[in-house]
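Novice: One structure follows; several queries about it will come next.
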């Protein structure tokens, strides 16, 4: 048994008996390995007695899970309707220009900060009421 198989088995065991364990397991695997790849999907499916398609459907639906680790810092910018109404489209170009190849700009659809947008997330930190200057500074400091 590989180290990865063992660690995923431990993560599944930590959530044993929990109602709806898939999302917490996926979060823990993403945090541990930096991604939820096809091998992890298969191990999780087997451990939860689900089909690989069921696990992959959840992994591919949520933007938090990636199929391979991202080595660059990531800035997630919300482009949902509320943030669009508050001007996010006017700052996307500035974010991408500041990012260059050093920072990954990831579009997400709703960070749950609809009344305070435009919004972004870096790691566990949320940033609200962004304008061109604020988003540029955020990306440069990522």
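The values are calculated or read from the model by the stated rules, or taken from the named source; none is laboratory data. Note that the coordinates shown come from a computational prediction; the quantities given were computed from them, not determined experimentally. Ideal geometry is used to build each Cβ from the backbone, glycine not excepted, and the neighbour counts take in all protein chains shown.
Novice: Specify which of the listed residues (36, 139, 59) is touching a residue at least 60 places away in the same chain (Cβ under 8 Å) and touching a helix residue (DSSP H, G or I) at 6+ places or on another chain (Cβ under 8 Å). If you could, list the steps in order and put the result at the bottom.
Specialist: Numbers: 36 fails: touching a residue at least 60 places away in the same chain (Cβ under 8 Å); 59 fails: touching a residue at least 60 places away in the same chain (Cβ under 8 Å).
When all the criteria are applied, what remains is 139.
Novice: Another one. Could you list, in sequence order, the residues of the stretch 63-88 that are assigned to a loop (DSSP other than H, G, I, E, B) and free of Cβ contacts under 8 Å to residues at least 24 places away in the same chain?
Specialist: If we filter the stretch 63-88 for residues that are assigned to a loop (DSSP other than H, G, I, E, B), which is where we start, we get 63-73, 79-80, 86-87.
Selection gives 71 alone.
Novice: What's the number of the only condition in (1) part of a helix (DSSP H, G or I); (2) modelled with pLDDT under 95; (3) within 21 Å of residue 142 (Cα to Cα) that residue 60 fails to meet?
Specialist: Status for residue 60: all satisfied but (3).
Novice: Which is farther than 26 Å from residue 136 by Cβ and surrounded by 17 or more Cβ atoms within 10 Å (Cβ to Cβ), of 95, 40, 53? Let's see the steps before the verdict.
Specialist: Values: 95 fails: farther than 26 Å from residue 136 by Cβ; 53 fails: surrounded by 17 or more Cβ atoms within 10 Å (Cβ to Cβ).
Going through 95, 40, 53 in turn, just one is farther than 26 Å from residue 136 by Cβ and surrounded by 17 or more Cβ atoms within 10 Å (Cβ to Cβ): 40.
Novice: Another one. Considering the stretch 108-120 alone, what residues qualify as being under 18 Å from residue 131 (Cβ atoms) and loosely packed, with under 15 Cβ neighbours inside 10 Å?
Specialist: Passing the criteria: only 115.
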